[in-house]
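Encoded as structure tokens, the structure appears first; notes follow it.
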Amino acid sequence: MRALLPLLRTGAAAATCLPRGASARPGPRRAMALYRTEERGQPCSQDYRVFFKNVAGHYISPFHDIPLKVDSKEENGIPTKKARNDEYENLFNMVVEVPRWTNAKMEIATKEPLNPIKQDVKNGKLRYAANIFPHKGYIWNYGALPQTWEDPHQKDKSTNCCGDNDPIDVCEIGSKVLSRGEVIHVKILGVLGLIDEGETDWKLIAINANDPEASKFHDIGDVKKFKPGYLEATLNWFRVYKVPEGKPENQFAFNGEFKNKAFALEVIASTHECWKALLMKKCSAGAISCTNVQVCDSPFHCTQDEARSLVESVSFSLNEETNEEEQAWYFLGK
């Protein structure tokens, strides 16, 4: 699929074209109404992909074409109710990759055109998160913020390590189990600085803005207050999740301290600037696919027709053998 990239060219601006980093208008709080997904191939197979479409039914990239920030001025054309002054400044789009309690390591395919969600593969095998007592799979809804990028060539001043070459990760701690490919609005509460094999891999802590308890949560301290033990479980999950693979425990910046919302927002702003440089060809993209449909001033912009051709060119087999992981539990003693 990567070989198709040289065939793309900057096309005429689509009607839904967005300036780089702009918010979509109007900005309804139920973000999924603006986006839909299309599955191709069989789940638990290496061919499986989840492509994204906008409300008009045109294919888009969840990495590049979904805005980072949620527009705060109106919902479906109706002015929003008054809220805390910073409420909407702290509202972001999140792409759900892994629903809570599931194991398949799904992720935005950053190196494929239009960046569908796929299951990660290592050494020719599909990857799954281990069940480590007392947990089952991922303990939050896990995903990423669009239009962010942790630059592998830029050393983070806080961690003294370069980025992991991916969009910034999000752990959504609300009460609902979400669906793969859902796009939701989240409130950012804080961030954990994971150091993964020498790379900075920030883990944002957030809550679905539509969660019944969302109004209680404004900063990282509220997680400690209203969900006691959740942050400790999160730290331990990230510390040991690779141990069943025979790898050592992970390390953390700040000795595993969760930083507050203000710090997290600075991290997001920094990764958004890195993404802008990526989309404007101001830094090396490496193998990252920057093909997009709605960032009009990007040299990687393509037309709706070209995007559709890219998706239709992806081959998959309906008869491919699936490879669900045999479930096992791991008890890691002290």
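Just so you know, all these numbers are worked out from the coordinates, no wet-lab data involved. The structure displayed is predicted, hence computed values, not measured ones. Every residue, glycine as well, gets a Cβ built from its backbone with ideal geometry; the counts of neighbours run over all protein chains shown.
Structure notes:
- The stretch 91-242: C-alpha gyration tensor shape, a/c 1.5 cut-off, then a/b vs b/c: rounded
- Cβ-derived FRET efficiency at R0 22 Å, Glu213 paired with Ala262, nearest 0.05: 0.50
- Separation of the stretch 250-329 and the stretch 105-136, taken as the distance between their Cα centroids, equals 13 angstrom.
- Chain lengthening between Ala269 and Asp196 when straightened (0.36 nm per residue, less Cα-Cα): 24.2 nm
- Sorted peptide list for 40-51, 166-177, 251-262, criterion being average Cβ within 10 angstrom, highest first: 166-177, 40-51, 251-262
- Length gained when the stretch Lys242-Ala277 is fully extended (0.36 nm per residue, less Cα-Cα span): 9.4 nm
- In a simple Cβ point-charge model (Lys, Arg +1; Asp, Glu -1; nothing else charged), the stretch 158-246 has a dipole of about 460 debye relative to its Cα centre.
- Greater than 27 Å apart at Cα, pairs in Lys118/Lys247; Lys203/Lys227; Lys69/Lys281; Lys122/Lys281; Lys122/Lys227; Lys136/Lys225: Lys122/Lys281; Lys122/Lys227
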